[in-house]
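Step one of this worksheet: look at the structure below.
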Amino acid sequence: MKARDLLALALILVTSALPVGAQPKRDDPVQAEQRKLQETQNQLKQEREKAAEARRRETSLLAEIEDTERRLAQKQRDVARLDDRIKRAQAEVAALRGDITRLESYRSEQEEFLARRLRTIYKIHAQGAVLPVILSGESPVQRAATIKHLGSLAALDARMIQEYRVTSDRLADRKEREEARRNELASLRAEAKKEQAEVDREAAKRRQLLAKVRDERAYHERMVGELSEAARRLEAFIRDLQAKQRRVAKAPPPTDGAPPRVGFGTLRGRLPWPTEGRIVAAFGPQVHPRFGTKTFRNGIDIEAQEGTEVNAVYAGNVVYTGWFKGYGNLIILDHGNDYFTLYAHIADILVKEADEVRQGHRIGTVGDTGSLTGPSLYFEVRYQSKPQDPAEWLRQRG
């Protein structure tokens, strides 16, 4: 039987085995809709999971900039340490080179002296004149004196030879140490070059991020939101500091009355400037000239060269030093009677928490940590954690 006939017979047998009137079962419409709904729900779940993962991967602009700044600052410190080591190694090489020059000169003098002595001794021995000289004395006393004199010369020769050996050993030691220091110096220079390349890369990353914040609306708006949140965190942080200081001093809770006209409060318009420079960003509401975003600035930016001194505007206690997100290196001083001053974007912090400072005390240097516009000092005056216009507190410049 052919294969085609066998297939036809099998189909007949299967069909005959079905009950009369039985038809292939079709999908239930309700079940089909349930399957479609389940598939849609699974797709939505997957999309939500993808979105959540994307949010987790999305790094805060402030965090990204600050991480870059921290790495940059660490690399700059590493380069500075390497520079110090290079300078010390160079000084050691120079000192060793000076020792080598002096020892070579001294050894040359010793060699010249020993050469003369050897020539003299050679001539005496060549002429066989040593014994006649000893025996030619007129008396035993003279012969003894001659022998003693020859002995002294021999001892001098032996001492000069020993000194020559010591000089040679010292010279070899200095040359060996000089070579080691020169090798170390070459290694340090190579390491410093590598670290400087890392500094340049981190600085380039920071510039690229700041350029995006400056030039792209999406980045700018994200940054505005993050800085606003940072300002709220700072205000809450100062409220906590104020409450802590009150508990320590066992002072009564603050009132909403007029600020006290004592201490810091008597110096409105008469405080010294915290650094040399000019105000480039004022206190109060701000409108971005390009994107039109509205923000409120709680302090002022004083443009100054990096490394310029930052001084306390009034006597007080240091209640915080360290990194604060959105502000970089930050110093907070408590001046009593609920008055605080804040100094941000600091390069080097020169005080520590619990220090007492006087007016004009050097507390840090100007930097650009946390700054989006370059080296400057961000300065705030607060009363009961609320910001005041610092320009109204600083004395007018002529």
Stretchable slack from Leu156 to Ala204, in nm (0.36 nm times residue separation minus alpha-carbon distance): 10.3 nm
Nearest-0.05 FRET efficiency for Ala282 and Arg217, computed from C-beta distance (R0 25 Å): 0.60
Paramagnetic label zone (point 7 Å from Cα along Cα-to-C-beta, Leu350; backbone N under 19 Å) in segment 364-398: 364-369, 375-380
Rough spin-label spacing in nm, given labels placed 7 Å along Cα→Cβ, for Glu109 and Lys386: 8.4 nm
Two-decimal Rg to Rh for segment 217-392 - Kirkwood Rh, Cα set: 0.96
Integer Hz, Karplus 6.51/-1.76/1.60 couplings in order for segment 319-334, x for Gly and Pro: 10, 7, 9, x, 7, 10, 4, x, 10, x, 5, 10, 10, 10, 10, 9
Inter-site label distance for Arg165 and Phe296 at 7 Å from Cα along Cβ, in nm: 8.9 nm
Residue-span extension gain [Asp67 to Ala190] - 0.36 nm each, minus C-alpha spacing: 41.7 nm
Extension gain, Gln305 back to Trp323 (0.36 nm per residue minus Cα-Cα distance, nm): 4.4 nm
Nitroxide proxy distance, nm - points 7 Å out along Cα→Cβ at Lys244 and Arg102: 5.6 nm
Burial ordering of Lys250, Lys175, fewest other beta-carbon atoms within 10 Å first: Lys250, Lys175
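Taken together, the values in this text are just the output of simple stated rules run on the coordinates, not laboratory data. Only a predicted model underlies this, so the values are computations on that prediction, with no experimental measurement involved. Here Cβ is always computed from backbone atoms with ideal geometry, including for glycine, and neighbour counts include all displayed protein chains.
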